[in-house]
Amino acid sequence: MSDLDQLKGDLLAAIDSADLARLEDIRVSALGKSGSVTGLLKTLGGMSPEERQTTGPRIHALREAVTEALTGRKAGLEREALDARLAGETLDITLPVDVPAAGTVHPVSQVMDELAEIFADLGFAVATGPEIEDDWHNFTALNIPESHPARAMHDTFYFPDEPDGERKMLLRTHTSPVQIRTMVNQQPPIRIIAPGRTYRSDSDATHTPMFHQVEGLVIDKGITLGHLKWTLETFLKAYFERDDIVLRLRPSYFPFTEPSAEVDVGYTIQNGKRVIGGSDHWMEVLGSGMVHPKVIAACGLDPDEWQGFAFGCGIDRLAMLKYGMDDLRAFFDGDIRWLKHYGFAALDVPTLSGGVGA
Ligand code: DAH
């Protein structure tokens with residue numbers, strides 16, 4: 001074997017087993033200014049033309065082979081290093097997160113979840129309806145005809161008239177239109193609650209233009225005021241998590257119920273604070289009654305066959321009573337400090353067994 005072949009064999013073997021640092025040493029020792037291969041290239045100048053013709057290509061080939069081996073080995077080592085780093089940095093995204101959730105659940109959402117939980121236990125489904133309603137669902141079908149004074153009392157936000165002048169559109173003033181939509185679309189027996197946003201042109205410490213209500217509706221055979229009272233009592237006891245809840249039903253008037261009753265809940269004053277329970281003082285919490293036969297008929301059902309009760313209740317007020325806020329406007333200011341103080345942990349789902357108040 002010639003010296004050249006020997007040198008080539010040695011260099012390629014050294015390159016093959018070198019790490020990155022060693023590779024640079026080999027490059028310098030072979031191809032650097034005073035490297036072995038560079039030295040051979042320099043000898044070309046002193047050769048006879050014949051000798052140069054035979055040896056020249058071999059020296060050039062040696063340089064090329066060494067250069068190529070160096071580049072190849074370097075790329076291979078770098079790829080291996082990257083693979084090892086990537087393997088070391090993998091993240092198992094299926095592992096549970098250790099960081100506490102940053103946001104909180106708004107008290108209104110919390111109370112809606114509590115209501116759904118309480119009423120699901122009584123066999124009620126949750127129904128929804130559009131916030132942009134027509135006046136038939138919001139008023140007419142609820143036995144509030146056009147000339148009825150109740151329309152004026154609702155401070156309704158109306159949309160501009162449609163070109164065909166047929167259906168007047170508005171922002172629903174209460175969740176009662178969901179009663180209509182449910183009776184039109186579903187065969188009785190019906191047991192639903194319908195929580196959601198409602199709108200009236202009204203604004204002070206206890207009224208905001210957008211607020212929340214929950215509607216309840218039961219349609220079945222042989223339903224009486226007794227069923228209504230028991231349901232409301234069971235609901236309020238579960239909601240306030242107290243057995244000493246006392247209700248008072250006062251005769252009242254709503255166009256869509258007959259008879260109608262406003263429901264007061266008893267409270268006592270303890271250390272200057274209002275505490276629900278007992279019967280020292282009374283506070284109105286909801287409106288209710290037996291569904292008016294005209295409303296049942298407007299939905300295409302026979303009022304001689306089907307009866308029911310309904311109730312409507314302000315959710316924001318329920319939240320204020322249970323969790324002790326006193327200014328309704330703060331509910332919708334989006335103030336992060338208020339939300340942190342009154343909000344609920346993101347993953348705390350209310351359950352009857354765990355206490356719906358979370
Ligand atoms: N819709 C009524 C309101 O917004 C509340 C209400 C009263 C709803 C009696 C009912 C009911 O379903 O039976 O003032």
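The values are calculated or read from the model by the stated rules, or taken from the named source; none is laboratory data. Quick caveat, the model's predicted, so the values are computed rather than measured. When we count neighbours, we look across all protein chains shown, and the Cβ atoms used for this are built from the backbone with ideal geometry, even at glycine.
List of remarks:
- Segment 31-79 - residue that is in contact (Cβ under 8 Å) with a residue 40 or more places away in the chain and over 19 Å from Ser2 (Cα atoms) and, of those, surrounded by the fewest Cβ atoms within 10 Å (Cβ to Cβ): Glu78
- Criterion: more than 26 Å from Thr351 (Cα to Cα) and surrounded by 14 or more Cβ atoms within 10 Å (Cβ to Cβ) - qualifying residue of Gly277, Gly300, Gly308: Gly308
- Any hit, segment 230-248, residues being part of a strand (DSSP E or B), within 34 Å of the chain's Cα centre (by Cα) and in the same structural domain as Arg181 (by TED's automatic domain parsing): no
- Meets criteria (within 12 Å of the ligand (Cβ to nearest atom) and not aliphatic (A, V, I, L, M)) for Pro189: no
- The number of residues in segment 112-137 being of a type in the set (A, V, I, L, M), more than 16 Å from the ligand (Cβ to nearest atom) and crowded, with 19+ Cβ neighbours inside 10 Å comes to 2.
- Only listed residue being among the hydrophobic types (A, V, I, L, M, F, W, C), more than 16 Å from Pro293 (Cα to Cα), part of a strand (DSSP E or B) and over 32 Å from the mean Cα position of the chain (by Cα), chosen from Ile269, Ile193: Ile269
- Some residue of segment 316-329 being more than 22 Å from Leu236 (Cβ to Cβ), in the same structural domain as Thr198 (by TED's automatic domain parsing), at pLDDT below 90 and exposed (fewer than 15 other Cβ atoms within 10 Å of the Cβ): yes
- When segment 196-217 is filtered for residues that are outside any strand (DSSP E or B) and either on the phi > 0 side of the Ramachandran plot or of a type in the set (Lys, Arg) (or both), only Arg200 remains.
- Screening Thr54 against (1) at pLDDT 90 or above; (2) in a helix (DSSP H, G or I) leaves a single unmet condition, (1).
- Filtering segment 138-181 to residues that are in a helix (DSSP H, G or I), away from the ligand (no atom under 11 Å from the Cβ) and surrounded by fewer than 22 Cβ atoms within 10 Å (Cβ to Cβ) leaves Thr140, Pro149, Arg151, Ala152, Arg181.
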